[in-house]
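Q: Quick one: the structure is below, and I'll ask about it shortly.
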Amino acid sequence: MDKDRVEGKAKDIKGRVERQVGEWTGDTDAQVKGTMDQAKGKVQNAFGKAKDAARYASDDAARD
């Protein structure tokens with residue numbers, strides 16, 4: 001598993017928590033920041049998945 005997947009998921013979770021706390025407290029800045037962190041985490045996670053897929057495809061091709 002690529003490190004970008006792990007770091008991306010951590011950012012996504014952090015952003016969700018921050019956004020939710022912002023909703024509970026009425027802090028719109030925290031909501032926006034949390035949403036942005038979530039988006040960054042999702043992009044980083046997707047990038048890590050793509051790198052993993054390319055790595056697995058390359059490994060499969062090398063075995064053939």
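Q: Can you tell me the orientation of helix 28-63 relative to the chain, as the angle in degrees between its alpha-carbon axis and the longest Cα principal axis, to the nearest 10?
A: Rounded to the nearest ten degrees, it is 10.
Q: Please report how many Lys pairs in the chain have alpha carbons closer than 19 angstrom, counting only residues at least 8 apart along the chain or sitting on separate chains.
A: 23
Q: If you roll a 1.4 Å probe over the heavy atoms of the protein chains, what accessible area per residue do you get for segment 2-43, in Å²?
A: Numbers: 2830 Å² over 42 residues.
Ligands and nucleic acids excluded, the figure is 67 Å² per residue.
Q: Using a probe of 1.4 angstrom, how much of the accessible area of the chain is carbon and sulfur, in percent? Working shown, then result.
A: Working: 2750 of 4560 Å².
Reported share for carbon and sulfur atoms: 60 percent.
Q: Sum up the charges of everything whose Cβ sits under 10 Å from the Cβ of residue 5, counting Lys and Arg as +1 and Asp and Glu as -1, but leave residue 5 out.
A: Values: positive: 3, 9, 49, 51; negative: 2, 4, 7, 52.
Taking every Cβ under 10 Å from that of residue 5, the sum is 0.
Q: First select every other residue whose beta carbon is under 11 angstrom from the beta carbon of residue 52; then total the charges, Lys and Arg +1, Asp and Glu -1.
A: Numbers: positive: 3, 5, 49, 51, 55; negative: 2, 4, 59.
Net charge around residue 52: +2.
Q: Hey, another quick one. Which whole-number percent gives the relative contact order of the chain, counting Cα pairs below 8 Å spaced six or more residues apart? Intermediate results must be reported in sequence, preceding the final value.
A: Numbers: 75 pairs, mean separation 27.4, N = 64.
Relative contact order, the chain: 43 percent.
The values are calculated or read from the model by the stated rules, or taken from the named source; none is laboratory data. Since we're looking at a predicted model, the values are computed, not measured. Virtual Cβ from ideal backbone geometry, glycine too; neighbours counted across all protein chains shown. Just so you know, the surface numbers come from the protein's heavy atoms only, side chains and all, with ligands and any DNA or RNA stripped out. Shrake-Rupley method; radii C 1.70, N 1.55, O 1.52, S 1.80 Å.
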